[in-house]
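Below is one structure, written out as structure tokens; comments come after it.
Derivation of every value follows stated rules applied to the coordinates shown; laboratory data play no part. In this text, all values refer to a predicted model and were calculated from it rather than measured experimentally. All Cβ positions, even for glycine, are placed from backbone atoms using ideal geometry, and neighbour counts span all protein chains on display.
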Amino acid sequence: MAWFSRNRSVTLTAVAIIVAAYVFYAINQRVAVSMIDFAWSFAVPLVLAACVGVMGERSGVINIGIEGQMLVGAFSGFFTAAATQSLWAGVIAGVLSGMLMGAFLAWTTVKWQMDQIIAGVVINIIATGLTSFYYKSGQSLTHVMPNIDIPLLSKIPLIGPVFFEGGPIALTTLVIVAILHFALFRTRWGLRTRAVGEYPSAADTAGINVIAMRLLNVTIAGGLAGLAGAYLSMEATPTFERGMTAGRGFLALAIMIFGAWRPLRAFAAALFFGFTSALASQLQASNIVSLPQQFINLLPYVLTLVVLAAAAGRVRPPAAAGQPFVKGEGS
Amino acid sequence: MTASPSTPAYGEETGAKDRRAATGDRLLDIVGLSKSFGTVRANRDISLHVERGEIVALLGENGAGKSTLVKQIFGLQAPDEGTIAIKGDAAPIKDPKDAIRRGIGMEHQHFQLVPVMTVAENMILGHETTKHGQLDLEGARQLVRELSEKHGLAVDPDAEIEDLPVGTQQRVEILKALSRKVDLLILDEPTAVLTPQETDELLEVMKELAAGGTSIVFITHKLREVLAVADRVYVLRQGSVVGEVAAADTDARGLATMMVGREVVLRVDKDEPKPGADVLRVADLVVLDDRALPAVDGFTLTVRAGEIVGVAGVEGNGQRELVEAIAGMRPPKGGLITLLGEDITKANPHQTHVAGIGHIPEDRERHGLVGSYSLADNMVLNRFDEKPFANGFVRNFEAVRENGEALFKEFDVRAASVMAPAASLSGGNKQKVVVAREMSFGPKLLMAAQPTRGVDVGSIEFIHRRIVAARDEGAAVLLVSAELDEVLSLSDRIAVIHGGKVVAEMPAADADRTEIGRLMAGDH
Ligand SMILES: Nc1ncnc2c1ncn2[C@@H]1O[C@H](COP(=O)(O)OP(=O)(O)OP(=O)(O)O)[C@@H](O)[C@H]1O
Ligand SMILES: [Mg+2]
């Protein structure tokens, strides 16, 4: 009950959206499934990337290099897969290269206290440079990641075919969001991570190794960015193109903020954003309304902003995000 | 307040002193410790030791280096020179984790609590227990309840730290230090914002712990507390140990003289007040607290020019909300506040400042200072945009610095320079900066919440004299303090607050300690 009263508007919004989705489903099953399916494929990399942001900022490190980390993941995943003809090897390569980029951010900012924004920009520049320079055209994969059906769950109307029938990375994303959310708010690791991101000297005096926590979290988060990249080049499409992340890493930061630095809300925000994008393209295709295309393209942003502002109320970023931790200061 | 002659001399109790028949078992042994920050030599060649089961008090003026000393024991800062041996082991203490592992616990002067977390979460941070991988928050709540029961310090396990008044945060900070089993407990000004009853409870707890073999290093500015519990006292001045005495061999006057190097007047001397026109009028004020419950509920009070009105009350009876409402930080739900006839009920903090209110907030870290700004800037926080500190849009740094330097001298702030960031100051010196700023612009109403919190005896004397001087120059003074002694000795008139309203008002001359205590407890 206490939980509900604290999260009333968010819960009510979620319920309203779910009800609306099912009403839509009742009216037109085919269109509903295809639109929400589109929304989810659109949202997968955003959700993963928003989780990267959440893990970083919750532990006090702002990561604006998500875009670059994803790009490197997409690139190395794709070319590994092309060379080995194994998608799984590709995914592993994508995740590992993402972690490497995460470790770069972690060591420069946490260990050597480089400015976090600058370090993120460096990552984006390096990523664009490397992936363009070594890019070889003409490579392609014969197929994308196979579809998997989860028994029983995939039979649920609407939700089943959308969420429980799909590529392995999309399915894994569901699991990752749930685990991360649980871990952040219910486990020892989560409590410590949040303490480190809010008030590091309190964590330090409680005997927690602030530096180690940050190094660990930022590096692991990099792996998720790599996975998001792998999704783009091996699950959504079987190709890699220059700059194929197309700003998703930055959009994910907005999703993270909309999601109030909470994985589940970020998931909902990304999905909603995906849905409004689907709506926008439907509107465009069907010519029902004669608005200039620019306005229609704006729709997802505006709607997401309005809904989330109304639902979430005032949110605050973790207090120590962006600040290096120096021992012996501020205590 | 410090030991005024009327306070019972706790030092006379004997039981505690017998413990000092120490076993010669040194728990802490510090030799030749030195630590500098740039040009400030915070600790110079300090040597001291603590036996098992002994309570050692560290006394010293603000900035004498007490906190710096204990931070090194807890591994928060590394010494420049010297060694710290714990139970004979002189290996350097790498970090707090290492200190905790070696049996040290610490309560911090600058609270180490995560503002957005609950009391229970803060309590278990760093030594969490889990059930099937999940945090055992129910167990944590239980732990808080047990500790708070056992030590007589009431806290709500589910309250978020940022919603709590400083007094409660202090309790949480103490309970946190007590929640782990330790051999050496460091308490850095634990009683700064506790009520007298809570302080007495804590002193009892300390004696029990010591009897059970825990050693305690205790920092405080309140001499009666030192005399009540300590076995030995080290006095620090400008970073050096200037004296060591057995508590049984000294008294408040002796300690004060050792600290400051001169005789300190422990009483407030003031003339009869000459009250003038009404300055502050509060009528039927209703103010909600953070949980939207009426904390101030029908409060009515008038403060006239040239008088000091003290608000006495047990913490949590609406004092914080009252002060915040008058200062414009918390919009009242109902009622009227006027200053010199002008309605300021809905004014914001800037407007109340312009109207002539000087406000010394109870929580100096959160509402009094900007830690990363220089002292000079902090001294003009409330009027950086006024002449002479600014000409139109352009700030006049020269004037800001000169003002800072003048106040620095006047209020005897001890720090490297006026350009040092406020965060680098010792606790008591931070307090002096806030007091200096709020008193220096000639306020019509000086509203002081815990004005001498964490301030050394010499400076308490000084601040008290300044408050009286402001009164004599015609300012109205509203004093809110958890220190009944301070309210009693400084006020001309006393209003007792209970349940958010004034339950009794009397001239200070007629005030009786026990009577007020009874009224504060809601017995009327
Ligand atoms: N991190 C720091 N950087 C620069 N100077 C510092 C720092 N910490 C402390 N100092 C300086 O060292 C001196 C001693 O400070 P310390 O906090 O130990 O005093 P204290 O005895 O605890 O005083 P108080 O009673 O006011 O708490 C002060 O002059 C202070 O300004
Ligand atoms: Mg101190």
Please report the antiparallel percentage of DSSP beta bridges with both residues in the protein assembly as shown, rounded to the nearest 5. 60 percent
To the nearest 20 debye, what is the magnitude of the charge dipole of chain B about its Cα centre, counting +1 on the Cβ of each Lys and Arg and -1 on the Cβ of each Asp and Glu? 1060 debye
Here, trypsin sites (Lys or Arg not before Pro) of the range B:46-152 satisfying both criteria (DSSP loop; at most 13 other Cβ within 10 Å) are B:K94
Measure of compaction for the range B:416-463 (Cα Rg per 2.2 N^0.38 Å): 1.19
Diagonalise the Cα gyration tensor of the range B:365-441 and give the resulting equivalent ellipsoid semi-axes, square root of 5 times each eigenvalue, largest first, whole Å. 19, 12, 11
As an exercise, find the ratio Rg/Rh for chain B from alpha-carbon atoms, using the Kirkwood inverse-distance average for Rh. 0.96
Simple spin-label estimate for A:V315 and B:F397 in nanometres, 7 Å along Cα-Cβ: 4.0 nm
Return the single residue from A:M101, A:M70, A:M145 with maximal mean-square fluctuation; model: Gaussian network over chain A, springs between Cα atoms under 10 Å. A:M145
If the elastic network links every pair of Cα atoms under 10 Å, which of A:G138, A:G60, A:G249 fluctuates the most in the Gaussian network model of chain A? A:G138
Rg/Rh for the protein assembly as shown, where both radii come from Cα atoms and Rh is the Kirkwood radius: 1.03
Rounded to the nearest 5, what is the percent of antiparallel bridges among the DSSP beta bridges in chain B? 55 percent
Just need the Rg to Rh number for chain A, please, alpha carbons only, Kirkwood Rh. 0.98
Label B:A416 and A:S34 with points 7 Å out from Cα along Cα→Cβ: what is the distance between them in nm? 6.9 nm
Just tell me, in residue order, which DSSP H segments of chain A are both 27 angstrom or longer along the helix axis (alpha-carbon based) and at least 1.0 in mean Kyte-Doolittle hydropathy. A:8-27, A:29-58, A:87-106, A:210-230, A:293-312
Take every Cα pair under 8 Å in the range B:114-179 that's 6+ residues apart, average their separations, divide by the length, and report that relative contact order as a whole percent. 43 percent
Cα centroid distance between the range A:113-187 and the range A:195-239, in Å? 14 Å
From the helices alone, meaning DSSP H stretches of at least four residues, give me the mean residue ellipticity at 222 nm for chain B, per-run term -39500 (n - 2.57), in deg cm²/dmol to the nearest 500. -9000 deg cm²/dmol
Using only the alpha carbons of the range B:114-179, determine the length spanned along each of the three principal axes and report them from longest to shortest in whole angstroms. 36, 26, 17
Per-selection Kirkwood Rh - the range A:109-156 (Cα, Å, 1 d.p.): 15.3 Å
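Normalised by the residues of chain B, what does the relative contact order come to in percent, with Cα pairs under 8 Å and at least six apart?
Result for chain B is 17 percent.
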